[in-house]
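In what follows, a single structure is set out as structure tokens and then discussed.
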Amino acid sequence: MSVLRVGHINIRVLDMDESVNHYCNVLGMEMVHKDDAGNVYLKGWDEWDKYSVVLSQEESAGMNHIAFKVKSDGDLDSYKQRIADYGISVEEDAAGALPFIGRSLRFNLPSGHEMRLYAEKEFVGTAVGSTNPEPWPDGLRGAGVHWLDHALLMCELDPEKAVNKVAESTQFMIDVLDFYLVEQVMVGPDGDIQAATWLSTSNTPHDIAFVGGPVQGLHHCAFFLDSWDDVLKAADVMSKNKVKVDVTPQRHGITRGYTIYAFDPSGNRFETFGGLGYLAQPDRPVTTWTEDELGRGIFYHTGELVESFTSVYT
Ligand code: M3P
Ligand code: FE
């Protein structure tokens, strides 16, 4: 039984046309479907399932849900039981409730974020196919992102009120969904407040991350690029397209990734994330960042936290 990876994210946008232009021409995703309600489904060229991003036009930006793919249909029964036993209410939706997807589970993390689990999504294949494939396809647009890599969710953290949804959501992911803790930030006078965590269900440094803040929300979703050169080119593409950039190319101390943070036209932060960082394994010792070195953990070169980075999110 296992969770394979982040399967898709459903993002709220304010203007669909502007957003489709952004995700297709700046990030380089392909629009694969539009449903009767006007939701748009997008896929990265290196992904083999039907879609990884769903855009929904609504009054406010943010995330509606994040979905993870599990290995087999029977896993859904096991996880449903384990989630319920943990004391979290869980609903099952029939196949097709989410387009091109088999039956799925719906529940909220302790932080309040909605999560779905599914085992089947229509297979369409990558842009280079599976027989004698070329390393990349012709005709890539913009940054040409490979796949949806991870998401970082902001969780309520208020040590004075003894509220720590980062720690609660982290424990849930470990105890119930079989993720393992890869890196964490510990703060407070005794260094015993878990203020941020990076968790994996694969061999990459993270598939999901949680950071503490005043209210819950979406900090960013991240799209994978191969190399530092690709990250630099993505920055050029963003400038060409007048995308609002939050943080120009940098290295993360945490996860060792190469990064750019920027905003989609609705103000949702996204990241173009390069490199695989290191090979993560479940028995790897957990990396801990202390409060005094947090700046370098997040932005390794400047070592400084950017004010907007922790205060602005959707
Ligand atoms: C990443 C990453 C924060 C750190 C973010 C790190 C929000 O996004 O991919 O490693 O504190
Ligand atoms: Fe990230």
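Only the coordinates and a few stated rules stand behind these numbers; no lab work does. These figures come from a predicted structure and were not determined experimentally. Neighbour counts run over all protein chains shown; Cβ positions are idealised from the backbone, glycine included.
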> If the viscosity is 0.692 mPa s and the temperature 37 °C, what translational diffusion coefficient in µm²/s does Stokes-Einstein give for segment 1-151 when Rh comes from Kirkwood over Cα pairs?
Replying inline: 201 µm²/s
> Around residue 38, what is the net charge, scoring Lys/Arg as +1 and Asp/Glu as -1 over all other residues with Cβ under 13 Å from its Cβ?
Replying inline: -3
> With N residues in the chain, what two-decimal value do you get for its Cα radius of gyration over 2.2 N^0.38 Å?
Replying inline: 0.95
>> Just want to confirm a number: the relative contact order over the chain, from Cα pairs under 8 angstrom separated by 6+ residues, in percent.
In response: 17 percent
>> Could you compute the net charge surrounding residue 125? Neighbours are other residues with a C-beta less than 11 Å from the C-beta of residue 125; K and R count +1, D and E count -1.
In response: -2
> What GluC sites (Glu not before Pro) does segment 12-77 have in DSSP loop regions with at most 10 other beta carbons within 10 Å?
Replying inline: 59
>> Under the 0.36 nm per residue contour assumption, what length would be gained going from the current alpha-carbon distance of residue 291 and residue 93 to full extension?
In response: 67.1 nm
>> If I take R0 = 25 Å and measure r between the Cβ atoms of residue 114 and residue 236 in this structure, what FRET efficiency does the formula 1/(1 + (r/R0)^6) give, to the nearest 0.05?
In response: 0.10
> What net charge do the residues around residue 107 carry, taking every other residue with its C-beta under 12 Å from that of residue 107, with Lys and Arg at +1 and Asp and Glu at -1?
Replying inline: 0
> lysines within cross-link reach of residue 121: Cα-Cα under 28 Å, excluding same-chain residues under 8 positions apart?
Replying inline: 34, 43, 50, 69, 71, 80
> If you look at just the Cα atoms of segment 144-198, how large are its Rg and its Dmax in Å?
Replying inline: 13.3, 44
> Once you put a point 7 Å from the Cα of residue 39 and another 7 Å from the Cα of residue 226, both along the Cβ direction, what distance in nm separates them?
Replying inline: 3.4 nm
> Hey, can you rank 80-90, 149-159, 228-238 by average C-beta count inside 10 Å, highest first?
Replying inline: 149-159, 228-238, 80-90
>> Within segment 298-314, name every residue whose backbone N is under 19 Å away from a label modeled 7 Å from Cα of residue 160 along the Cβ vector.
In response: 311
>> Out of all Cα-Cα pairs in segment 185-303, roughly what percent, to the nearest whole number, are more than 21 Å apart?
In response: 42 percent
>> Under 8 Å for C-alpha pairs, at least 6 residues apart: give me the relative contact order for segment 177-314, rounded to a whole percent.
In response: 28 percent
>> For a quick check of your reading of the filter: which GluC sites (Glu not before Pro) in segment 234-313 sit in a DSSP loop and have no more than 13 other Cβ atoms within 10 Å?
In response: 304
> According to a simple spin-label model (label point 7 Å from Cα along Cα-to-Cβ), what is the distance in nm between residue 84 and residue 276?
Replying inline: 3.9 nm
